[in-house]
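The structure appears right after this line, and notes come after that.
The values are calculated or read from the model by the stated rules, or taken from the named source; none is laboratory data. Everything numeric here is computed off the predicted structure, so don't read it as measured data. Methodologically, a virtual Cβ is constructed for each residue, glycine included, from the backbone with ideal geometry; neighbour enumeration extends over all protein chains shown.
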Amino acid sequence: MPSFVTLLIYLLGGTVLGSLMILTGIPAAPLLGGILGAGILSISGQFDIASWPIGTKTVLGIGIGTVIGTGINRETLGELQSLWKPALVITFTLLATGILVGLLISKFFGVEKIVALLGAAPGGTIGMSLVGAEFGVGAAVAALHAVRLITVLFLIPAIVHFLAPAAGIDITK
């Protein structure tokens, strides 16, 4: 099968499941559905591994970065005046925890250190996978982050809904 047709099949699978996931109300449902749709097709073994044209991941990364960047405005910068300290604590705590977890994963599960460190690093699937690709371990890092992302997207909303009333958090906004 020509690679262009294979890409279209993966795009269709991701689009269909991503669109259907919107109906679930799960946060980031289109992203989660796209990952699952394309992933299921890939795992099925019925299609060749997708071979994206050179620069595609870069263009998509820029697009996602732009979408996120447009959410940053003067109000966001104003919030950073009170949030910069917690942001630094969160960042360095996640970095230290990621390094520790990565080293433990490598030691106890025999995972290559670079894969374990990048897989445990805080960051998005795309960003860390691109860093992993530069070290020749992009697919393994992407797999670890995909599992993490899917798990977090399913569990955190449920945890927030469960803890919100007891913590006095208004989630109806």
query: How do the helices (runs of 4 or more DSSP H) wholly within the range 25-132 filter down when requiring 2 or more residues that are exposed (fewer than 11 other Cβ atoms within 10 Å of the Cβ): which remain?
result: 29-44, 56-69, 74-109
- request: Could you check Glu112 against (1) modelled with pLDDT under 85; (2) over 19 Å from the mean Cα position of the chain (by Cα) and say which number it fails?
  value: (1)
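Quick one: in the range 1-19, of everything that is among the hydrophobic types (A, V, I, L, M, F, W, C) and exposed (fewer than 14 other Cβ atoms within 10 Å of the Cβ), which residue is modelled with the lowest pLDDT?
Initially, the range 1-19 is screened for residues among the hydrophobic types (A, V, I, L, M, F, W, C), giving 1, 4-5, 7-9, 11-12, 16-17.
Those still in the list that are exposed (fewer than 14 other Cβ atoms within 10 Å of the Cβ) too: 1, 4-5, 8, 12, 16.
Working: Met1: 63, Phe4: 84, Val5: 88, Leu8: 92, Leu12: 94, Val16: 95.
Looking at the filtered set, the residue picked out is Met1.
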